[in-house]
1. Taking other Cβ within 10 Å of each residue's Cβ, how do 220, 109, 273 sort, fewest first?
2. Rounded, prolate or oblate: pick one for the stretch 71-123, where a ≥ b ≥ c are the square roots of the eigenvalues of its C-alpha gyration tensor, a/c under 1.5 means rounded, and failing that, prolate if a/b is larger than b/c, else oblate.
3. Using Cβ counts within 10 Å as a stand-in for footprinting exposure, how do 206, 123, 110 rank, fewest first?
4. Could you bin all the Cα-Cα distances of the stretch 66-154 into 10 Å bins starting at 0 and give me the percent of pairs in each, rounded to whole numbers?
5. Quick one: 126, 278, fewest Cβ neighbours within 10 Å first, how do they rank?
């Protein structure tokens, strides 16, 4: 890789930013070519350092705190027209599928926490929703996916792989650490540094404990709830709902099966902060998920788990361009002018 090849990526990805401001920020991080493969935990300013191993150990939220979080969750949702654009059949849907496909593979490969996957999906959807047009180059989509997962891992995980080692799953392009960090910074600015987002994982413990009479739920109950959450957020239909509504609907689904709860009696007591009709609508979608309906194929090996879980995506190779800071794994190495239509509209 040429010594200064990443400079072209930085300029094109940040074309709406003041160039001097961008490079001042990176100078403050003391990033140089010799540190291209830096430890991905260097951006410690977005780590929470909680070190918690799971939701079961967390104290139950007070009603006051929970009510506050429900009111604030709207600040961490994609733009209102995002789902409509995805359903319209334009390129946004295929772009999202490609990004989700890779994020899921990397999540499974490293055994990250469920909260990490949820958070990376939140970053991805919020970022994409702010673009008027989707990226037309596969390298841009992949770089965005890598950066979203990297940022989420820094927030949630105790141990985070090197940025260059994070790129698993036989990706089409391999990016250097500097390019990934530049995209991370672009995402941070695009999302206005609101990285401690609320996801269904944030609320699930509250609802599950409520349904379990304020007792610590079993590990199996939490595990089943998390599986449903992961299955739901990978699709687009659940973007219609708030994260608290998804968590409430997941809790109802799991509780009906495992706790034999009378939901009609429980909802007025346990779900006073969410809209019942929207939760029930979300519940209907959950019942159709493969994990609930029993149509999910059983995997007998790690590779089988990966194949059963990953989304299918067919890429159009004719739209793929070359990234100056990425190693393309195909035989077509022709350098083309970078498409910056996505970045120009941030």
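A short reminder: the numbers here are calculations on the coordinates, not readings from a lab. Only a predicted model underlies this, so the values are computations on that prediction, with no experimental measurement involved. So basically every Cβ, Gly included, is an ideal-geometry build from the backbone, and we count neighbours across all protein chains shown.
1. On the way: 220 10, 109 14, 273 17.
Lowest count first: 220, 109, 273.
2. On the way: a/c = 4.48, a/b = 1.24, b/c = 3.60.
Oblate.
3. Numbers: 206 25, 123 28, 110 17.
Ordered by Cβ neighbours within 10 Å, fewest first: 110, 206, 123.
4. Each 10 Å bin holds this share of Cα pairs: 16, 46, 31, 7, 0.
5. Details: 126 21, 278 17.
So the residues, fewest neighbours to most, are 278, 126.
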